[in-house]
Amino acid sequence: MARTYAVAAVVLAVAAAGAILHFTDAEPVATFVVTGAALGGVAWLIGIATESVGARFGPAVAGVLQSTVGNLPELFIVLFALSAGEVVVAQFSILGSLFATALLVLGLAIVAGSSRAPAGRMTFGARLPNDTATLLLLAVFLIAILGLSDQVGDRASQHQTEISVVGAVCLLLVYAAWLVPYLRPGSSERALDGPSHSVIPFPVAVAMLASAGVLTAFLSDWFVDALDPAVEALGISKAFTGLVIVAIAGNAVENVVAISLAWKGKNDLSISVVKNSVSQVACFLYPVLVLASLAFEHRLTFVIDPVYLGALALTAIALWQITGDGEAVLFEGLALLSLYVVLATLVWFE
Amino acid sequence: MARTYAVAAVVLAVAAAGAILHFTDAEPVATFVVTGAALGGVAWLIGIATESVGARFGPAVAGVLQSTVGNLPELFIVLFALSAGEVVVAQFSILGSLFATALLVLGLAIVAGSSRAPAGRMTFGARLPNDTATLLLLAVFLIAILGLSDQVGDRASQHQTEISVVGAVCLLLVYAAWLVPYLRPGSSERALDGPSHSVIPFPVAVAMLASAGVLTAFLSDWFVDALDPAVEALGISKAFTGLVIVAIAGNAVENVVAISLAWKGKNDLSISVVKNSVSQVACFLYPVLVLASLAFEHRLTFVIDPVYLGALALTAIALWQITGDGEAVLFEGLALLSLYVVLATLVWFE
Amino acid sequence: MARTYAVAAVVLAVAAAGAILHFTDAEPVATFVVTGAALGGVAWLIGIATESVGARFGPAVAGVLQSTVGNLPELFIVLFALSAGEVVVAQFSILGSLFATALLVLGLAIVAGSSRAPAGRMTFGARLPNDTATLLLLAVFLIAILGLSDQVGDRASQHQTEISVVGAVCLLLVYAAWLVPYLRPGSSERALDGPSHSVIPFPVAVAMLASAGVLTAFLSDWFVDALDPAVEALGISKAFTGLVIVAIAGNAVENVVAISLAWKGKNDLSISVVKNSVSQVACFLYPVLVLASLAFEHRLTFVIDPVYLGALALTAIALWQITGDGEAVLFEGLALLSLYVVLATLVWFE
């Protein structure tokens, strides 16, 4: 517990440094790196606090809460990017979050889990992976027909906002219809095997969650602010920034939590954190942001480039193929990692 | 049984009204609506008559016969559309029939079935859904390589009719190879749980089927005739008409029968009606019409727009993913419905 | 055994005839046909020799060795095609090898196996088909995002060689991670049911393998040399030559061995030969050739036309769908054959 408070102090110090850099108009690359690191640190604190809250309300709630607050940074980053008119960054952050969680984090979790499992075969409940596949295919369908219509440039391509809004509402309804029975006590097939960190007291956790939320909002603002000049200074493409750097920074919690859980053999919980995060980004965060963007000048839609559309569709299918049978071995984890490496390489040259 | 004859009388009256409207050159919108309603009514009568015949020849025959005569209206609509040179309407009717059955009807059947099933989990035999997935993927493969070749505009794209004919023959052969063992007595894994309507006498059923077939032919002719001016008057796009309105009208039987069966807990029979209808349209009706169109001036091919190609491929995969495990829950039914709503929204703007 | 030596003598005679035709600058069509036939014969000898070696080192090694040497002709053909600057032929040979093995050979094996199996249902271990699906999806992902980026013509499309090299290294790593535990004794779930030909003595087999390897290299050179003028004389498109003729000639071993094994009811071994060949071409041969092509003037990349990309993606999915459950029936074999026929028809018109 003392360690948790020490970490919290360090994170606060880094966040303070970020604030100073932001308000003194310092070198944007420095601001970008420091606020990015602070975001990762806050995400880590959120992870600890969530688990403490989860210990009180049961396992399924813990998994969903974990990924919900774990997705807070993405939410703020995209909102601030949208209000700054950076639609490309906004969209790539969402896609990057999906790819990073579904390919990088899940791949690492499988590598960690399978190398510790008996006979190298990691096992987990097959229900959640299959549900996630359904939800992801639903999102891919919507994105695919919009993207293809955009490519062809047919009449419907002039109504992308309207179609995206209808699709967003559909996604939210289906997600709700999935979430409600999933959260019902006793319906979850997996069992929470106890908290993996030293639990902090419940009131402290609630206070920590609240302040972390506020802090995330500020840090995201400064992060997005420094993004544009920093990326230009570093000569990195915007696509790479959004799809890789922001995505990894914004998913720090899921990354660390899922991999360390798999390493400890808590396979079901590890898979739950990853899968819940993936379906939440695709079927909750993305549609919510599409609807929220109606309030901004620049609209966020489900229209994405064919390359990312193809990558997303094949990610959904590969995810289902690899985890749908409730088993995973080393080479399958490496296959997911390879997909991420190849995608990141391509984006590097964009 | 008295109710059946009453319904038959009403349907005949509506059909007669359609005939009068057609021959008096009445307002096309009125003709369109009335003949569409009459087609739905005839489809309903065909459903009842089929079940009666099926009660005599066993369950597998009943399922296939059900979807065969249930697909009669589409057959006539497409034939008349082709002879009138309306290739777009013809093709969209076939696609619409696939989407309506696979997404709308199956979605509603799962919603109905799962909301009545214990623990909200509808179960059924997994064999037929997987066979349907194979057949559908076969059709999608053919459609995909033709569509992609057409998009690229390569040399093969000038021989779409020849390739379509070869593909059509392949589809029919595979469908026959699937159908023959499926119909063999005792090979079917599902059991027919008795007729769901009051059974009418066998000779009456045969007479009804014959007259309904003739009536369908006439009504389809008048329906297609009124289609063009009616759609123009209403300001609805041709794509929406074909993919949504004609598709729902032409699949009335499957709609009503499958959903009511699922509601009564006869899950296997419900899934059988839907799945048989889907594979029959993809691997029997579509290829037969492609071959039949060789006799017309305008040829029907398997080349479709990329948007519908993507939608079809993802529909095939989603169908397999959701029903391939022999189980379905509420959110999965809603997911299928959402796919249909999103597709219909896009088509609305075409 | 006497039969084996007789076959070897005939093959050598045909190869000698090919040599004479090549060095006398004879009619290219004749050289093309004779060297092609000799390649098929050598492949057949390699098959026999491999089995003899395999009998000494166990089942898993036999399966992998079988497909490794069975893929030697493709390796040489592509290398010589690359050095002659025939990048299209090189790429189409690889793709053709994939399609021929995955669709034609597997289709025929399932037709043969299911028609002899009790109740027409051929059964086999589900592990290998699922592993192959994972490996194939990995290759398809890489090929898809490169192909889509090429179509869009974005900035990354100017770095196709670099991205292909990264992808090739990833594919090889994953393939190695899969192969090592697969080859470990006792890890294989299938059992080798004894050799299917009369076994030749081990030293003879090793000598035969060595000389067959050398012979294959020469024959491939002459074959590729005669390819261009022969195809022109025959009026066959290069795409058809690569995807169908070269593919079938180069996969003669897998063809004959897999189908005869299935016919004898040795389903697991039959499926193993086909599946190992498919994943080896996709995740070993193709990446090795991409890396090897760095030494040539013309580079081989993973960028392929959309038509073949679509066909490859759907082949991977259909393969998984049909064999992933460890069962196959007649119509599924016919479905795979149909996919091949449709693809070959399309390529015929290119």
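The values are calculated or read from the model by the stated rules, or taken from the named source; none is laboratory data. Just so it is clear, the structure is predicted and the values come from calculations on it, not from any experiment. Using ideal geometry, Cβ is built from the backbone for each residue, glycine included, and neighbour counts are taken over all protein chains shown. To get the accessible areas, we keep the full protein, side chains included, count just its heavy atoms, and leave off ligands, DNA and RNA. Shrake-Rupley method; radii C 1.70, N 1.55, O 1.52, S 1.80 Å.
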Q) How about B:Lys238: which lysines have a C-alpha closer than 28 Å to its C-alpha, ignoring those fewer than 8 places off in the same chain? A) B:Lys275
Q) Using a 1.4 Å probe, how large is the accessible area of A:Arg121, given in Å² and rounded to the nearest 10? A) 80
Q: Mind ranking C:Ser83, B:Ser279 by accessible surface for me, highest first, 1.4 Å probe?
A: C:Ser83, B:Ser279
Q | Cβ crowding within 10 Å averaged over residues, with A:264-276, A:206-218 ranked highest first | A | A:264-276, A:206-218
Q. Which values of log₁₀ I(q)/I(0), to two decimal places, follow from the Debye formula for segment A:238-350 at q = 0.12, 0.19, 0.21, 0.23 Å⁻¹ with a uniform point scatterer at every Cα?
A. -0.52, -1.28, -1.49, -1.63
**Q.** Relative contact order of chain A, defined on C-alpha pairs under 8 angstrom at six or more residues apart (%)
**A.** 40
Q | Enclosed volume per residue, in Å³, of the convex hull spanned by Cα atoms of segment B:67-140 | A | 106
Q) Please state the Cα pair-distance histogram of segment B:211-258 with 5 angstrom bins from zero: what percent is in each bin? A) 5, 18, 23, 25, 17, 9, 2
Q: Could you quickly flag the chain C residue whose beta carbon comes closest to the rotation axis taking C to A, and that distance in whole angstrom?
A: C:Ile317, 4
Q.
Under the convention of a label 7 Å out along Cα→Cβ, give the distances in nm from C:Ala217 to the same position in every other copy, shortest first.
A. 7.1, 7.2
Q. Just the Cα atoms of segment B:112-170: what Rg and Dmax do they give in Å?
A. 18.7, 56
Q | Point-to-point label distance, B:Arg184-A:Arg184, nm (Cα→Cβ direction, 7 Å offset) | A | 4.3
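I want the local charge near C:Phe99. Using Cβ-Cβ distances under 15 Å, sum +1 for each Lys or Arg and -1 for each Asp or Glu among the other residues. If you can, show how the numbers build up before the last one.
Numbers: positive: C:Lys275; negative: C:Glu74, C:Glu254, C:Asp305, C:Glu350.
Charge balance near C:Phe99 sits at -3.
Restricting things to Cα coordinates, could you compute the convex hull volume per residue of segment A:203-304 in Å³? Before the final figure, lay out each step's value.
Numbers: hull volume 16.0 nm³, N = 102.
Given the Cα convex hull of segment A:203-304, per-residue volume reads 157 Å³.
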Q: Please name whichever of A:Phe240, A:Gln160, A:Trp44 sits farthest to the positive end of the charge dipole of chain A, dipole taken about the Cα centre and charges placed at Cβ: Lys and Arg +1, Asp and Glu -1.
A: A:Trp44
Q. To the nearest whole number, what is the average tally of beta carbon atoms from other chains within 10 Å of the beta carbons of peptide B:146-154?
A. 5
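Can you tell me the order of C:149-161, A:35-47 when each peptide is scored by its average per-residue count of other Cβ atoms within 10 angstrom, highest first? Mind showing how you got there, number by number?
Numbers: C:149-161: 17.5, A:35-47: 24.8.
Result, highest mean first: A:35-47, C:149-161.
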Q: Could you calculate the FRET efficiency of C:Ala2 with C:Thr161 from 1/(1 + (r/R0)^6), where r is the beta carbon distance between them and R0 is 56 Å, rounded to 0.05?
A: 0.60
Q | Over chain A: helical MRE at 222 nm, DSSP H runs n ≥ 4 each giving -39500 (n - 2.57), nearest 500 | A | -24500 deg cm²/dmol
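Would you mind classifying segment A:291-346 by shape? Square roots of the alpha carbon gyration tensor eigenvalues, ordered a ≥ b ≥ c; an a/c under 1.5 is rounded, otherwise it is prolate if a/b is larger than b/c and oblate if not.
Working: a/c = 3.29, a/b = 2.12, b/c = 1.55.
Taking the square roots of the gyration eigenvalues as a ≥ b ≥ c, segment A:291-346 is prolate.
Give the average, rounded to an integer, of partner chain Cβ atoms located within 10 angstrom of each Cβ in A:124-131. Intermediate results must be reported in sequence, preceding the final value.
On the way: counts 0, 0, 1, 3, 0, 0, 6, 4.
So the per-residue partner count for this stretch is 2.
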Q: Of all alpha-carbon pairs in chain A, indicate the percentage at a distance above 36 angstrom.
A: 17
**Q.** Inter-probe distance in nm under a simple model that places probes 7 Å from Cα toward Cβ, at A:Arg299 and A:Val10
**A.** 4.6
Q: When a/c is below 1.5 the answer is rounded, else prolate if a/b is larger than b/c, else oblate, so apply that to the protein assembly as shown with a ≥ b ≥ c taken from the square roots of the Cα gyration tensor eigenvalues.
A: oblate
Q. Roughly how many whole Å is it from the C-alpha centroid of segment B:105-143 to that of segment C:242-318?
A. 33
**Q.** Overall form of segment A:14-87 per C-alpha gyration tensor (a/c, 1.5; a/b vs b/c)
**A.** oblate
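Could you calculate, for segment A:1-151, the ratio of the Cα radius of gyration to the Kirkwood radius, expressed as Rg to Rh?
Working: Rg = 19.0 Å, Rh = 18.5 Å.
The Rg/Rh ratio comes out at 1.02.
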Q. When Cβ neighbours within 10 Å are restricted to other protein chains, what is their mean count per residue of peptide A:308-315?
A. 5
Q. If R0 is 35 Å, what FRET efficiency do you get for B:Ala207 and B:Thr24 from their C-beta distance, rounded to 0.05?
A. 0.75
